[in-house]
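These notes concern the structure reproduced below.
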Amino acid sequence: MVARRGPRNGHKYIFVFGGVMSGVGKGISTASIGKILAGRGLTVNLVKIDPYLNVDAGTMNPTEHGEVFVLDSGLETDQDMGNYERFLNRDLGPEDYMTSGMVYKAVIERERNLGYHGKFVEAIPHVRDEIIERLRSSAKMAASDVTVVEVGGTLGDFSNALFIDAARVMHLESPADVLFVMVSYLPVPYTIGEMKTKPTQNAVRQLNSYGVQPDIIMARSTHPLDQKRKEKLAIWCNVQADHIISAPDVDSIYDVPLNFERDKLSDILLKALGKRVKQTSDLGEWKSFADKAHHAQKPVKIGIVGKYFDTGDFVLSDAYLSVIEAIKFSAYHEGHKPEIAWINAKDIESGKLPLESLNDYDGILVPGGFGESGIEGKIKAIQFARENKIPYFGLCYGMQLLTVEYARHVAGIPGAHTTEIDPKAKDPVIMILPEQIEKLAKKDYGGSMRLGAYPCKLEEGTIAREAYGEKTISERHRHRYEVNPEYVSRLEEAGLVFSGRSPSGKLMEIAELPKSVHPFMLGTQFHPELKARPLSPHPLFTAFVKAAIVRGKK
Ligand code: GLN
């Protein structure tokens with residue numbers, strides 16, 4: 001028996017599944033569907049389902065997963081959530097994300113608390129119903145008109161089957177309110193030179209085997225879909241030809257919503273859902289952003305000194321996705337084209353890459369990170385940027401290491417280090433504060449990390465205060481270590497300015513050097529990249545990029 005779920009007052013759900021293979025842009029398609037529906041005046045919320053058993057993305061290695069995207073609430077999620085926030089230009093809640101682990105955990109905890117009154121507890125119906133409840137509650141929390149749900153994984157995977165079944169049941173209960181979109185891939189094999197539809201036909205059969213028939217197929221490929229193949233897919237996949245959307249590769253993911261609208265996708269979706277809304281689509285601001293991205297020509301060169309994650313012969317830049325996007329937004333906004341270079345901190349450490357090569361960049365950035373790998377290389381790069389007045393921006397680890405570097409080379413504390421690397425450091429300038437451990441334990445954040453949004457007060461007359469134009473800000477965190485308050489006055493006396501602090505004054509949130517000393521030398525304990533959006537570039541990234549542009553002109 002399926003539980004009664006109360007009145008539905010016309011709320012619509014669009015489920016997005018992926019056929020053939022992963023990595024074909026299901027996340028961007030979902031975000032873009034959200035964007036075009038929002039452009040039609042609807043309130044949209046986007047939900048990401050990750051079928052793995054991890055309860056959240058926090059414990060996953062970046063090689064496995066790419067970036068961990070942290071929400072205001074502190075939930076550690078998939079990078080698609082970052083794309084959703086960037087496309088919708090709003091914050092998402094923890095109810096907009098779920099993993100199999102999260103769902104199972106809730107069911108098992110309920111079972112342990114006798115919540116099932118002694119009944120058998122099974123994947124179907126109990127886990128499936130928990131999924132449905134969560135989807136309904138995310139729609140309610142967002143007070144949205146439409147919920148677009150991306151079901152992670154590929155059709156045919158074992159692990160996402162329950163989620164597909166939840167979608168099937170929701171459709172069964174209210175067919176007019178639920179729409180199925182399949183994002184598929186059409187290969188053009190080099191030796192054949194022709195686009196092949198068979199894998200997509202098979203993927204549709206696979207979806208059919210779950211009892212689900214796609215309403216719309218998004219045909220992802222290197223090439224546009226021609227009429228002949230559209231007709232072939234229509235007949236073999238049992239989908240109307242005008243519901244098969246050509247989605248060829250594009251230069252910029254931010255063009256995708258505009259391309260969808262060129263094909264009138266929002267009309268097709270709204271018609272299929274029986275939803276009547278205003279006739280015109282308002283994507284004007286988005287379009288002007290996309291135009292800026294296309295027209296930017298003058299380069300601004302940013303070197304990211306980090307740890308690089310390779311899988312086989314490939315390097316994953318995904319681990320720094322939000323950082324890259326944040327640089328782009330500010331650069332485009334300033335009419336410049338970002339040229340981002342990857343600098344392996346280990347190569348600086350070993351001397352393989354001469355430090356002087358950093359002179360080639362207009363700005364240097366050290367992103368967040370954990371552990372020992374390449375750490376002395378990062379510190380060397382920071383010192384070089386400081387001494388040669390190259391704009392420097394440090395994010396989280398990059399701020400902690402800025403502090404260590406300043407302590408060692410300017411404040412006369414040669415034994416300065418972070419206890420993350422040297423637990424017995426003579427001068428633990430960066431450490432885990434005992435009171436933080438206690439606080440975090442009380443909040444039960446799963447581990448000892450400080451996660452999610454915290455307020456930060458800004459000091460008058462600083463670069464940070466000027467950039468934000470506000471006295472108090474809120475930014476997202478993901479770290480364990482902090483600047484040790486016992487060293488703050490020595491560092492300040494030596495010229496380092498802590499321009500942002502927690503409201504209690506205890507935690508250092510931003511460290512910077514005055515403009516009179518260095519054009520831009522600033523680090524944040526938080527992750528500003530998580531709040532940078534195409535339509536509202538992050539003020540600190542913009543300040544950094546502006547300083548880099550000035551250097552580039554010299
Ligand atoms: N490893 C550092 C810490 O745990 C920084 C973390 C980060 O950069 N996200 O505090």
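Okay, here's what the table says:
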| quantity | calculated |
| --- | --- |
| Odd one out for TYR468, checked against (1) away from the ligand (no atom under 11 Å from the Cβ); (2) touching a Lys or Arg at 6+ places or on another chain (Cβ under 8 Å); (3) open to solvent by 10 Å² or more (accessible area, probe 1.4 Å); (4) under 26 Å from GLU67 (Cα atoms) | (2) |
| Some residue of the range 473-480 being within 16 Å of the ligand (Cβ to nearest atom), at pLDDT below 95, basic (Lys, Arg) and under 21 Å from PHE544 (Cβ atoms) | yes |
| Only one of ASN54, ASN83 that is at negative phi and within 15 Å of the chain's Cα centre (by Cα) | ASN83 |
| Residue check for ARG86: of a type in the set (D, E, K, R), within 23 Å of LEU42 (Cβ to Cβ) and surrounded by 20 or more Cβ atoms within 10 Å (Cβ to Cβ) | yes |
| Qualifying residue in the range 47-64 (condition: open to solvent by less than 10 Å² (accessible area, probe 1.4 Å), touching a residue at least 24 places away in the same chain (Cβ under 8 Å) and among the polar types (S, T, N, Q)) | no |
| Residue match in the range 273-285 (condition: touching a strand residue (DSSP E or B) at 6+ places or on another chain (Cβ under 7 Å) and either open to solvent by less than 50 Å² (accessible area, probe 1.4 Å) or of a type outside the set (A, V, I, L, M) (or both)) | yes |
| Failed item in (1) of a type outside the set (Ser, Thr, Tyr); (2) under 24 Å from PRO514 (Cα atoms); (3) part of a loop (DSSP other than H, G, I, E, B); (4) within 16 Å of the ligand (Cβ to nearest atom), with GLY371 passing the rest | (2) |
| Qualifying positions in the range 354-367 - within 15 Å of the ligand (Cβ to nearest atom) and either over 22 Å from GLY452 (Cα atoms) or surrounded by 24 or more Cβ atoms within 10 Å (Cβ to Cβ) (or both) | LEU365, VAL366 |
| Extreme residue, farthest from the ligand (Cβ to nearest atom), among residues of the range 341-353 that are of a type in the set (A, V, I, L, M, F, W, C) and in a helix (DSSP H, G or I) | ILE348 |
| Residue identified as modelled with pLDDT of 95 or more, open to solvent by 60 Å² or more (accessible area, probe 1.4 Å) and more than 15 Å from ILE348 (Cβ to Cβ) among LYS457, LYS443 | LYS457 |
| Selection status of SER138, within 20 Å of PHE17 (Cα to Cα) and either at pLDDT below 95 or open to solvent by less than 10 Å² (accessible area, probe 1.4 Å) (or both) | yes |
| Test: ILE432 is without any contact (Cβ under 8 Å) to a residue 40 or more places away in the chain, under 29 Å from GLY66 (Cα atoms) and either of a type in the set (Gly, Ala, Ser) or open to solvent by 20 Å² or more (accessible area, probe 1.4 Å) (or both) | no |
| Every residue from the range 382-415 that is away from the ligand (no atom under 11 Å from the Cβ), in contact with a Pro (Cβ under 8 Å, 6 or more places away or on another chain) and within 20 Å of GLN525 (Cβ to Cβ) | ALA385, PRO391, ARG408 |
| Options PHE158, PHE120: the member that is outside any helix (DSSP H, G or I), farther than 17 Å from ASP50 by Cα, of a type in the set (Phe, Trp, Tyr) and open to solvent by 10 Å² or more (accessible area, probe 1.4 Å) | PHE120 |
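The values are calculated or read from the model by the stated rules, or taken from the named source; none is laboratory data. All figures in this text were calculated on a predicted structure; none of them were measured in a lab. Reconstructed Cβ throughout: ideal geometry from the backbone, glycine too, with neighbour counts over all protein chains shown. Quick note on the areas: whole protein, heavy atoms, side chains included, nothing else; ligands and nucleic acids left out. Shrake-Rupley method; radii C 1.70, N 1.55, O 1.52, S 1.80 Å.
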